[in-house]
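Everything below concerns the one structure shown next.
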Amino acid sequence: MWLIRYGQDTEEIPPHLDAVQEAHTLLAVADGLTVHVLAGHHSPASASAVLQCHVDRLLR
């Protein structure tokens, strides 16, 4: 959460986003992708790409 707030302070992440909610969302996405990799539904590379896409959206 503090990294998201730092990103908002440095204007890399939009200030209107709720830092706590975004931190919870990132954790949920990462956890879900981990399960999908372990179950064989995603490769590590594709899971990483999905997570990176979400992070890129935060940084717009």
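Residues in the range 1-12: is at least one touching a residue at least 40 places away in the same chain (Cβ under 8 Å), out of contact with any Gly (no Cβ under 8 Å at 6 or more places or on another chain) and not in a helix (DSSP H, G or I)?
Yes - at least one qualifying residue is present in the range 1-12.
Taking the stated definitions as given, is His54 at negative phi, free of Cβ contacts under 8 Å to residues at least 12 places away in the same chain and out of contact with any Cys (no Cβ under 8 Å at 6 or more places or on another chain)?
No; evaluated as a whole, the condition is false for this residue.
Out of all the residues in the range 2-17, which are open to solvent by less than 100 Å² (accessible area, probe 1.4 Å) and over 14 Å from Arg57 (Cα atoms)?
The answer is Thr10, and nothing else.
The values are calculated or read from the model by the stated rules, or taken from the named source; none is laboratory data. Since the model is a prediction, treat every value here as computed from it, not as a measurement. Cβ: placed from backbone, ideal geometry, glycine included. Neighbour counts: every protein chain shown. In case anyone asks, the SASA skips ligands and DNA or RNA and just uses the protein heavy atoms, side chains included. Shrake-Rupley method; radii C 1.70, N 1.55, O 1.52, S 1.80 Å.
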